[in-house]
2 protein chains.
Amino acid sequence: MAGRRAQMMEETKGRLVQAARRAFAEKGYAGASMDDLTAEAGLTRGALYHHFGDKKGLLQAVIDQIDAEMAGRLRVVGERASHPWRGFLDEYRAYIEMALEPEIQRILLLDGPAVLGDPSRWPSQNACLAETTLRIQGLVADGAIPPVDAEAAARLLNGASLHAALWVAASDAPEATLAKALDAFQRLAEGLARPA
Amino acid sequence: MAGRRAQMMEETKGRLVQAARRAFAEKGYAGASMDDLTAEAGLTRGALYHHFGDKKGLLQAVIDQIDAEMAGRLRVVGERASHPWRGFLDEYRAYIEMALEPEIQRILLLDGPAVLGDPSRWPSQNACLAETTLRIQGLVADGAIPPVDAEAAARLLNGASLHAALWVAASDAPEATLAKALDAFQRLAEGLARPA
DNA sequence: CGATTTGACATACGTTCCGTATGTGTGCTC
DNA sequence: GAGCACACATACGGAACGTATGTCAAATCG
């Protein structure tokens, strides 16, 4: 009862999204051609506009997929830690390191906000941001850190992480820069942990 | 000895940059048409390509101008404060509020990095980032805060500020959101002030 | 079981816009 | 005052997006 038709359709959409991920990551959103991208998937622009409406719709689909993957990876990292606060720091360390991956940096962090606007308004609800917000709420609830607006803290820390990753990615000595960035990040995060 | 010719040329470049600021801010980089933009300045694309090379060159010129203005405004805010640490916080508060201005947010914070890449690689050297880095170096030198890599701290705080501004700008209740963002920001910044 | 319809996808077309190549007139130099 | 350099306009080619239309298989229904 899977529906032969619907199954083929999912297959098609998946191929298009995958090709788009590659194209957007390599050439950026503006530089990626819909003709080339669909041809690489063995299709034409007809299929693309039928399923995704327009170029922005395709970007949105790509972002939804990447965002979901990131949230899953972050959850694993956070839950693997013994101590809550330690897990929190590990999670952000993982976030910074993920933001170094060209696909994530280019598509989700640079082109995404520029083309689609503020991430919190995305239909995917930014699963990754929600994940870190929940984590902070948990820390507050457990009394591990003093009360704070969890969403505000998550947003600021995500912003700091993103810029850290941009800095590291463009650096001539990435590993040294990453160390500096992580050190500074921990200093900032500790501002949350200890009351004024 | 001003050179009638050179003076006219500066006038032309200025008019183009000003028209570009308006167009980029209103329609975004991708959505702005060079034809419309130059026509609004009473010129044609010929002038534009002669002076700026290509569309990215024009964006760079616009960004240089805005960046310089921001650095100047930040400096005034920081120097006006009595206490160094207080001045530091005031400066970032001003930064967040500036990032709410559509022109700055759209051009410098969203389209700029997406089109031109990491800001630290911009020819303008990101005067605004340099300004905040210097401020942090001053705090360390005066013993107001424990040693920290000033550039790393400045980058992370700028990133946090930017995301705070994006959040506030897209919010339904901007003033309440701004208050939450500023509160969270202060908590993070205090992580710099007090040693572990 | 055959006719009809739905929908996934391809093809063709018009429009827009960027970058370049070429033309032109005005102001500086000798 | 002649020649040249340069600021700027005009003309052209090409690429890319979105839409409108066509086609063919599969699901539906009498």
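Overview of values
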| quantity | calculated |
| --- | --- |
| Selection within the range B:134-170 - more than 10 Å from every other protein chain (Cβ to nearest Cβ) and either assigned to a loop (DSSP other than H, G, I, E, B) or open to solvent by 20 Å² or more (accessible area, probe 1.4 Å) (or both) | B:Leu134, B:Arg135, B:Gln137, B:Gly138, B:Val140, B:Ala141, B:Asp142, B:Gly143, B:Ala144, B:Pro147 |
| Residue among A:Ser82, A:Ser120 that is open to solvent by 10 Å² or more (accessible area, probe 1.4 Å) and under 27 Å from B:Leu109 (Cβ atoms) | A:Ser120 |
| Failed item, numbered, when B:Glu103 is tested on (1) open to solvent by 50 Å² or more (accessible area, probe 1.4 Å); (2) without any contact (Cβ under 8 Å) to a residue 12 or more places away in the chain | (2) |
| Of residues in the range A:171-195 being farther than 26 Å from B:Asp118 by Cβ and not in a helix (DSSP H, G or I), the one most open to solvent (accessible area, probe 1.4 Å) | A:Pro195 |
| Close pairs (6 angstrom Cβ cut-off, 6 or more residues apart or separate chains): assigned by TED's automatic domain parsing to the domain that holds A:Leu157 in the range A:75-91, part of a loop (DSSP other than H, G, I, E, B) anywhere | A:Pro84/A:Ala144; A:Trp85/A:Ala144; A:Gly87/A:Ala81; A:Asp90/A:Ala81 |
| Set A:Leu89, A:Leu37: member being out of contact with any strand residue (DSSP E or B) (no Cβ under 7 Å at 6 or more places or on another chain), assigned to a helix (DSSP H, G or I) and within 14 Å of DNA strand C (Cβ to nearest atom) | A:Leu37 |
| Within the range A:18-72, tally of residues that are open to solvent by 50 Å² or more (accessible area, probe 1.4 Å), away from DNA strand D (no atom under 12 Å from the Cβ) and small (Gly, Ala, Ser) | 2 |
| Residue match in the range B:62-76 (condition: within 11 Å of DNA strand C (Cβ to nearest atom) and modelled with pLDDT of 95 or more) | no |
| Scan of the range A:63-111 for residues that are within 10 Å of the chain's Cα centre (by Cα) and small (Gly, Ala, Ser), ordered by number | A:Ala68, A:Ala71, A:Ala99 |
| Residues satisfying the stated conditions in the range B:42-64, i.e. closer than 14 Å to B:Met9 by Cβ and not in a helix (DSSP H, G or I) | B:Leu43 |
| Checklist (1) in contact (Cβ under 8 Å) with a residue 12 or more places away in the chain; (2) at the interface with chain B (Cβ under 10 Å from one of its Cβ atoms) applied to A:Arg121, failing item | (1) |
| Some residue of the range B:103-115 being away from every other protein chain (no Cβ under 14 Å) and not in a helix (DSSP H, G or I) | no |
| Index of the failed condition, B:Val77 passing every other in (1) among the aliphatic types (A, V, I, L, M); (2) buried (at least 20 other Cβ atoms within 10 Å of the Cβ); (3) part of a helix (DSSP H, G or I) | (2) |
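The values are calculated or read from the model by the stated rules, or taken from the named source; none is laboratory data. Just so it is clear, the model here is predicted, and its values are computed rather than measured. Reconstructed Cβ throughout: ideal geometry from the backbone, glycine too, with neighbour counts over all protein chains shown. For accessibility, only protein heavy atoms count, side chains too; no ligands or nucleic acids. Shrake-Rupley method; radii C 1.70, N 1.55, O 1.52, S 1.80 Å.
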